[in-house]
1. Only one residue in Glu111, Glu129 is among the acidic types (Asp, Glu) and touching a residue at least 24 places away in the same chain (Cβ under 8 Å), so which one is that?
2. Within region 298-312, track down each residue that is exposed (fewer than 15 other Cβ atoms within 10 Å of the Cβ) and farther than 10 Å from Tyr261 by Cβ.
3. Select from region 156-193 the residues that are aliphatic (A, V, I, L, M), under 15 Å from the mean Cα position of the chain (by Cα) and part of a loop (DSSP other than H, G, I, E, B) and write down the one among them that is surrounded by the fewest Cβ atoms within 10 Å (Cβ to Cβ).
4. Looking at region 90-126, which of the residues that are among the hydrophobic types (A, V, I, L, M, F, W, C), part of a loop (DSSP other than H, G, I, E, B) and away from ligand 1 (no atom under 16 Å from the Cβ) is surrounded by the fewest Cβ atoms within 10 Å (Cβ to Cβ)?
5. Please pick out the residue among Glu129, Glu73 that is surrounded by 16 or more Cβ atoms within 10 Å (Cβ to Cβ), part of a helix (DSSP H, G or I) and within 16 Å of ligand 2 (Cβ to nearest atom).
6. Determine which member of the set Leu202, Leu212 is under 28 Å from Lys52 (Cβ atoms), more than 11 Å from ligand 1 (Cβ to nearest atom), touching a residue at least 12 places away in the same chain (Cβ under 8 Å) and of a type in the set (A, V, I, L, M, F, W, C).
7. Scan region 137-150 and give yes if some residue there is within 16 Å of Asn214 (Cβ to Cβ), at pLDDT 95 or above and surrounded by fewer than 22 Cβ atoms within 10 Å (Cβ to Cβ), otherwise no.
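The values are calculated or read from the model by the stated rules, or taken from the named source; none is laboratory data. The structure displayed is predicted, hence computed values, not measured ones. Note: ideal-geometry Cβ built from the backbone for every residue, glycine included; neighbour counts use all protein chains shown.
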Amino acid sequence: MKLKYADITPEAIYLDRRAFMVGAAALLVGGARAEAATPPEPAALKATPNPKFRIDDPPTKYESATTYNNFYEFGTDKSDPAHHAASLRPRPWSVVVDGLVAKPQRLDIDEVLKAAPLEERIYGLRCVEGWSMVIPWIGYPLSMLLRRAEPTSKAKYVEFTTLKDPEQFPAQKPGLFGLGGGLDWPYTEGLRLDEALHPLALLTVGMYGKVLPNQNGAPVRVVIPWKYGFKSAKSIVRIRLTEEQPKTAWNKAAPQEYGFYSNVNPDVDHPRWSQATERRIGEFRRRKTLMLNGYADQVASLYTGMDLRKNY
Ligand SMILES: Nc1nc2c(c(=O)[nH]1)N[C@H]1C(S)=C(S)[C@@H](COP(=O)(O)O)O[C@H]1N2
Ligand SMILES: [Mo]
């Protein structure tokens with residue numbers, strides 16, 4: 001049985017009670033280990049605020065942004081990533097940029113950090129589940145890294161792959177199917193190349209003036225602020241340029257629910273719930289969701305002539 005996104009309710013878990021019990025036991029073991037090795041407070045990371053990319057709403061509390069997470073490699077509960085993140089080792093780490101490029105790269109994480117000047121950008125992140133946060137991210141345009149590899153004229157898409165290592169990600173352990181929401185590992189995501197080259201697409205290495213906490217996708221992730229949160233893949237080890245549209249983890253798990261584009265769109269409902277409103281973490285009221293999460297002026301032209309109902 002495949003569990004689907006936002007099906008991860010107590011009812012759904014009871015349906016798969018066996019997987020749940022095995023998984024809970026494993027996570028308890030993992031949790032004990034995690035407590036024994038609480039990760040150090042992330043180190044400070046300097047970045048220049050970029051006033052061109054910020055929203056004026058107050059940032060979500062750091063404590064909420066680091067304890068209410070989606071990172072299914074650690075389990076499907078919002079609190080699982082913070083509880084189990086100590087098992088992820090963000091160093092040493094390297095990122096491969098390959099596929100349809102003239103100059104394939106294998107960059108140590110320190111080279112990734114130094115590849116372009118670090119900026120702070122305050123972005124809204126809208127989860128497909130109907131909540132959102134406002135986060136001061138640190139990074140630089142993804143285009144800077146992609147251009148270093150020199151995509152060839154055949155490259156049309158970009159695929160992101162998260163680390164696969166069951167020793168570091170407890171929900172990837174074989175036999176614990178269901179614990180990771182029924183996703184196939186490694187988690188993959190993708191963008192069209194023009195989306196990936198858009199100045200808003202951020203290669204992200206920090207937040208709130210610090211290095212990325214493990215539960216937020218250390219040591220390097222992307223943040224694509226006009227798309228639902230699941231497009232913003234965490235803990236990336238490979239960025240591959242392709243001619244064909246890459247397969248993505250959520251699209252494989254539930255294709256009729258999670259398309260390739262996944263642009264924030266209050267007018268296109270998820271098959272099982274409305275996308276018209278959202279709740280900011282830390283607030284009680286629901287806000288109206290903005291087209292393309294408020295970035296329509298900047299990115300709507302990427303979708304000229306496309307039917308956004310078909311290309312959900
Ligand atoms: N590898 C990986 N990346 C992931 C996810 C995941 O489960 N695995 N969850 C996604 C979802 S659904 C969201 S909403 C955001 C959450 O990012 P945050 O925890 O830093 O707020 O990460 C995205 N990136
Ligand atoms: Mo999400």
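1. Details: Glu111 fails: touching a residue at least 24 places away in the same chain (Cβ under 8 Å).
Testing whether each residue is among the acidic types (Asp, Glu) and touching a residue at least 24 places away in the same chain (Cβ under 8 Å) leaves just Glu129.
2. Here is the first cut: in region 298-312, the residues exposed (fewer than 15 other Cβ atoms within 10 Å of the Cβ) are 300-301, 304-307, 309-311.
Of everything in region 298-312, those that are exposed (fewer than 15 other Cβ atoms within 10 Å of the Cβ) and farther than 10 Å from Tyr261 by Cβ turn out to be Ala300, Ser301, Thr304, Gly305, Asp307, Arg309.
3. First, the residues of region 156-193 that are aliphatic (A, V, I, L, M): 158, 163, 171, 176, 179, 183, 191, 193.
Retained after the next criterion (residues that are under 15 Å from the mean Cα position of the chain (by Cα)): 158, 163, 183, 191.
Within this subset, residues satisfying the condition of being part of a loop (DSSP other than H, G, I, E, B) are 163, 183.
On the way: Leu163: 20, Leu183: 22.
My answer is Leu163.
4. Of the residues in region 90-126, the ones among the hydrophobic types (A, V, I, L, M, F, W, C) are 93, 95-97, 100-102, 107, 109, 112-113, 115-116, 118, 122, 125.
Right, trim to part of a loop (DSSP other than H, G, I, E, B) and you get 93, 100, 102, 115-116, 118.
Narrowing the set further to residues that are away from ligand 1 (no atom under 16 Å from the Cβ) leaves 100, 102, 115-116, 118.
Working: Leu100: 20, Ala102: 9, Ala115: 16, Ala116: 17, Leu118: 18.
My answer is Ala102.
5. Details: Glu129 fails: part of a helix (DSSP H, G or I).
None of the others qualify; the one that does is Glu73.
6. On the way: Leu212 fails: more than 11 Å from ligand 1 (Cβ to nearest atom).
One residue alone meets the criteria, Leu202.
7. Checked against the condition, which is being within 16 Å of Asn214 (Cβ to Cβ), at pLDDT 95 or above and surrounded by fewer than 22 Cβ atoms within 10 Å (Cβ to Cβ), region 137-150 yields no hits at all.
Matching residues to (1) more than 16 Å from ligand 2 (Cβ to nearest atom); (2) within 14 Å of the chain's Cα centre (by Cα); (3) at negative phi:
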| site | (1), (2), (3) |
| --- | --- |
| Ile236 | yes, yes, yes |
| Ser262 | no, yes, no |
| Glu283 | yes, no, yes |
| Ala300 | yes, no, yes |
